[in-house]
Amino acid sequence: MAKDKKTTTNENTDISKSKAKREQRRKEVAKEKQQKLFSKAVGIAIAAVLVVIIIAAAGKSIYLAAIRTTSNSNLSAVLTSDGKIDGADMKNVLTLADYANISIPAEEVAATAEEVDDDIDATLESHKELSTDASLEIADGDEVNIDFVGTVDGVEFEGGNSNGAGYDLTIGSGLFVDDFEQQLIGHKPGEELTVEVTFPEDYNEELGGKDASFAVTVNGINIKPELTDEFVAENLSEEGVSTAAEYRASVENKFYEQHLQEYVTNYIMDNSTVNSYPSAYLKATKAVTKYNDEYMMQYLNQMGAGYENVWETQGEEINDELSYEKDLTERAKEAVKSALVYQAIYEDAGLSIDMEAVIAEMTEENGEEYVTNMKETYGEGYMAQSEIKDAVTEHLMNLYKTK
């Protein structure tokens, strides 16, 4: 009996081991299935992400194709022959600011002493005259007229001869090498002198690091006149002034009117609201704006810029076609708003323009060919729209210059 019991125990042990192996195998199979399912799930997820990326890219491509602006140079598109936006009712599309009752701070539009002085100084600079007075001495800051012949080891070099044409040079500008300009200080009109200089090492292959001599003739000193009654009467009488005081007053008034126009225009634009942009006109304005951008890109590329896409000309924030189209829309909306505001004031104020008279005056001043070119380039609608803007500007100025 003991033997039979032992046999049964061994059999049970074998069964337990076999069961354990089967259980282990079952677990391994289950784990393998789990790993396969996980791998499959990951594969499906990756595929789904790729599909989303592809769909997104395709969607963006489709979206860009739908919103992409086609450039056009037709400035008169969607304008009537009398310069108005075709089909646009100003009372519906725009809430216009109260343009006739603007409170304008005097200090905001008054000319500043600095801008008046700078403007007068520029006028005097443009009337400089060459003085050959031998009693004058060249000082730092003076503009002198000289002729020169440059040599290295007694041999003339290319570009070193003024050929008697006279060269205007401002002392201290740093345009000439070494201390060339400083060596002219203290010399007088009519004098001839030798100026010794050393070219910088990196100047060019021919002259870099070499000593040179310039035989210089001082032709004279350009003298800026003073603002006197005599100067005004002789040079500025066609501006309707005869004295220095009158000329200064006219300059002050010029800046006052500039500031006034800017203040009034900005106020009206800031306080007017576009309720709805005329879609056809907005589209046409975007087309013209893009045409201008492309024209500028072409010009810049001719200067060596090397732009490949039009949005590259618009700054770092505009870095792809989508951002360019968004920016293009915003710029076009600003232009459309401006056109709406001018047309709304034109209609509200009951203003009118006589295009026949405008064309006749333009023809008389510039000739028929000029007028023909204007019509072909801009179109009659845009030409009339420009006259509307001028008429409104004049009306606004008349409203506030007297207040």
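The values are calculated or read from the model by the stated rules, or taken from the named source; none is laboratory data. Quick caveat: nothing in here was measured; it's all calculated off a predicted structure. Glycine also receives a Cβ, built like all others from the backbone with ideal geometry; neighbour counts cover every protein chain displayed. Note: areas computed on protein heavy atoms with side chains; ligands, DNA, RNA excluded. Shrake-Rupley method; radii C 1.70, N 1.55, O 1.52, S 1.80 Å.
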Subset of segment 194-247, residues part of a strand (DSSP E or B) and of a type outside the set (A, V, I, L, M), comes to T194, E196, T198, D211, S213, F214, T217, N219, G220, N222
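Would you pick out the residues in segment 375-403 that are open to solvent by 40 Å² or more (accessible area, probe 1.4 Å) and closer than 26 Å to D86 by Cβ?
K375, E376, T377, Y378, E380, Y382, S386, E387, K389, D390, E394, H395
Here's the yes/no breakdown for (1) without any contact (Cβ under 8 Å) to a residue 12 or more places away in the chain; (2) out of contact with any helix residue (DSSP H, G or I) (no Cβ under 9 Å at 6 or more places or on another chain); (3) closer than 23 Å to L79 by Cα; (4) not in a loop (DSSP other than H, G, I, E, B):
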{"residue": "S276", "(1), (2), (3), (4)": "no, no, yes, no"}
{"residue": "L282", "(1), (2), (3), (4)": "no, no, yes, yes"}
{"residue": "T285", "(1), (2), (3), (4)": "no, no, yes, yes"}
{"residue": "V288", "(1), (2), (3), (4)": "no, no, yes, yes"}
{"residue": "G304", "(1), (2), (3), (4)": "yes, yes, no, no"}
{"residue": "I318", "(1), (2), (3), (4)": "yes, no, no, no"}
{"residue": "L322", "(1), (2), (3), (4)": "no, no, no, yes"}
{"residue": "A332", "(1), (2), (3), (4)": "no, no, yes, yes"}
Selection from segment 119-177 of residues free of Cβ contacts under 8 Å to residues at least 24 places away in the same chain, of a type outside the set (V, I, T) and either surrounded by 15 or more Cβ atoms within 10 Å (Cβ to Cβ) or part of a strand (DSSP E or B) (or both) yields E156, G159, N161, S162, Y167, F176
Reported set for segment 319-350 where residues are farther than 17 Å from A88 by Cβ, modelled with pLDDT of 95 or more and of a type in the set (A, V, I, L, M) is L328, A349
Per the list (1) modelled with pLDDT of 95 or more; (2) more than 30 Å from D121 (Cα to Cα); (3) in a helix (DSSP H, G or I), residue check on N253 breaks on (2)
Of (1) under 22 Å from N222 (Cβ atoms); (2) among the hydrophobic types (A, V, I, L, M, F, W, C); (3) open to solvent by 60 Å² or more (accessible area, probe 1.4 Å), A113 satisfies every one except (1)
